[in-house]
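These notes are about the structure you will find just below.
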Amino acid sequence: MPEPHDVIVFGPGAMGLVLARYFFKDGQSVGIVGKEKWADLLGEKGALFIRYKAGNVEEKDYCTQNRNFQFYGDKESSLESLSARGLSKDGLILLSSKTPNLEEVIDLAERVIDPDSNQKVLMIQNGIYPELRVQNRLNAKFDGISNRL
C-alpha cells in the first residue's frame, strides 16, 4: 500500500492544478480530486504545464499520473481508492473549487480529514466569505480542525 499523500487538491482549476505541480516538483506526493470525466482524461493523457516569459515559452513540463501524482474522480470507486491512501498526519488539504461547488468539495475532503492530526486546510476561493462556510462546516463535524484553516 502506498504512503498517504502529502497534499490533496480538491476541485483543481487553473490555480489548484498549478499548485499541485509545484508540490509534486518539490518531492511531495500529490492527489488531485475532480470530476470523474476530467480525472479519467488527465489520468490517461497527463497535464501539460507551459511557463511563458516575455511572450516566449520558457518551460514546458508534462506531468503524467504516477505513484506520487494521482488523479481521482468523484465516483465512489475512485473515492474509495483516495480514502484508502489518505492524507499524511501533517498533510495539506487544498480547496480550490468554484465557490458554488464548495459544499460538494468539502464532502469530498471529509474523506481524508483526520481531526486528531496536524493536517492543514488552504483555500483558494472567491465569493462571499467562503472561509466562513468552510469553517462552520468543519466545526460542525470535526472539533478543532477549523483553527488550521
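The values are calculated or read from the model by the stated rules, or taken from the named source; none is laboratory data. For clarity, every value in this text was computed on a predicted model and none was experimentally measured. So basically every Cβ, Gly included, is an ideal-geometry build from the backbone, and we count neighbours across all protein chains shown. When the accessible area is computed, the model is the full protein with side chains, heavy atoms only, and any ligands, DNA or RNA have been set aside. Shrake-Rupley method; radii C 1.70, N 1.55, O 1.52, S 1.80 Å.
Do any residues in segment 65-81 that are within 16 Å of W38 (Cβ to Cβ) and of a type in the set (F, W, Y) have Cβ atoms under 6 Å from those of residues that are part of a loop (DSSP other than H, G, I, E, B) and open to solvent by 50 Å² or more (accessible area, probe 1.4 Å), where the two are at least six apart or on different chains, and which pairs are they?
F71/Q65
Find the residue count for segment 102-131, including only residues that are assigned to a helix (DSSP H, G or I) and open to solvent by 20 Å² or more (accessible area, probe 1.4 Å). Break it down into steps so the answer makes sense when it comes.
Keep residues of segment 102-131 that are assigned to a helix (DSSP H, G or I), which gives 102-109, 130-131.
Then keep just the ones that are open to solvent by 20 Å² or more (accessible area, probe 1.4 Å); that gives 103-104, 107-108, 131.
Looking only at that region, the number is 5.
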